[in-house]
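Working notes, beginning with the structure itself.
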């Protein structure tokens, strides 16, 4: 069996430039964004808990605290704040993601110019860049799964123990960041059974699959032993437990949902098809989120390129493995959609990243065709890149200003209530996380529950324009007055209200 020449013979783009460009791009977008994403707060709190009371305390706040622990370790080693430690980890994850993407395109057969196009595609993708200023597990998970895919491409050409070990390491680390990595760990080896040029396919499938099964069995046994030693009766991983319970109870939940939909939507014998109506609606929501995550310009380009035969030169086994990974990712999202009945564009990015691997070949073919096709390829790449360099995140700077004002102008022992996680965390004041999270930080639920705010010192509420009337009525009915207001306009504002009679510290003279 001969190794495919595309694995070794093609010129390699200097990945250091891709890595450096990703670092600079992340730095720019982080600088533009005055806030951190709302999900980051749970990682910051979990890291704080780990530093104060250890792993068990961190896990009580977040069931899978690997990112929080890494943030805490980097904080201890470097002296960076926990916040900046999280941003550094996310920035490095994006750099490996972009580098791995270009490396995969090269293995798939992309020449030097196609690799350059691949770098532009992954560095300019709107949703990926929208999330660069966030702290979350997804970039590390995406990068590790993509690097694992590169190893499986190499393994299909020339199997070796070293490649198997690298693939195992990448997919194991990916599973630590996100549970869905287990799907790739279990089903990726099966993709080898559908390749054509790999000899002894069943043997190599078992060689890749056996370590995963052993590791999974040992992990489950260790967790059961650990769980038996805990006094708390709650699940060890609440999120995973919730999904498993939802999966096991899916038939009953789906039947109930079908019955609810049948009455208002369908008439007479058509009610018998209510299950199809529900399933179709969920599939449509999933597809819409995938299309929006892909972005319509790239989706249309990819579809037209595939129909035009611009992907025919791809090695058959490579295409089989890539389609297999797309199928695994889509299957997980379909199961998630059926259980939870909601979807976010961010969740679909794993599918999008694999689909984007086709795009540089389409754009490369357009580029080399010359004429209007080359102009169109340049326009698409330039347009997506220009869209990346600027956003409107800076318009929410008033939220950070409000948090800073509370931290500087109120007593250190004061208590606050807020519907904005950023303010709740960065104001550094006493906050009832359990009670407010139970109300999902919803303004209406907080206002309708007096015990949540009546005994607090300050209310620091983020108000959208449509909520102003409700807020005014609330203040009037409870004889409360605003102390300060930050922001205004289309992005809303933050209203600070002193509830108790506790005096404020005089504002600092900033002159």
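The values are calculated or read from the model by the stated rules, or taken from the named source; none is laboratory data. Remember, it's a predicted structure, so these values are computed and weren't measured experimentally. Here the Cβ positions follow ideal geometry from the backbone for every residue, glycine too, while neighbour counts run over all protein chains shown.
Note on segment 33-43: residues that are in contact with a helix residue (DSSP H, G or I) (Cβ under 6 Å, 6 or more places away or on another chain) and part of a helix (DSSP H, G or I) amount to 2.
For (1) within 30 Å of residue 321 (Cβ to Cβ); (2) surrounded by 23 or more Cβ atoms within 10 Å (Cβ to Cβ); (3) free of Cβ contacts under 8 Å to residues at least 60 places away in the same chain, each residue gets a yes or a no:
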{"position": "83", "(1), (2), (3)": "no, no, yes"}
{"position": "113", "(1), (2), (3)": "yes, no, no"}
{"position": "127", "(1), (2), (3)": "yes, no, no"}
{"position": "142", "(1), (2), (3)": "yes, yes, no"}
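A single member of 75, 130, 112 is assigned by TED's automatic domain parsing to the domain that holds residue 310 and at pLDDT 95 or above, and it is 75. If you go through segment 33-58 and keep only what is touching a residue at least 12 places away in the same chain (Cβ under 8 Å) and over 20 Å from the mean Cα position of the chain (by Cα), you end up with 48, 49, 50, 51, 55, 58. The condition (being touching a helix residue (DSSP H, G or I) at 6+ places or on another chain (Cβ under 7 Å), assigned to a helix (DSSP H, G or I) and at negative phi) is satisfied by just one residue among 24, 29: 29.
For segment 184-199, the set of residues classified as surrounded by fewer than 17 Cβ atoms within 10 Å (Cβ to Cβ) and touching a helix residue (DSSP H, G or I) at 6+ places or on another chain (Cβ under 9 Å) consists of 186, 190, 193, 194, 196, 197, listed by residue number. Residue 68 falls short of the stated requirement of being at pLDDT below 95, surrounded by 21 or more Cβ atoms within 10 Å (Cβ to Cβ) and out of contact with any strand residue (DSSP E or B) (no Cβ under 9 Å at 6 or more places or on another chain).
Yes or no: residue 425 buried (at least 18 other Cβ atoms within 10 Å of the Cβ) and part of a strand (DSSP E or B)? No; evaluated as a whole, the condition is false for this residue.
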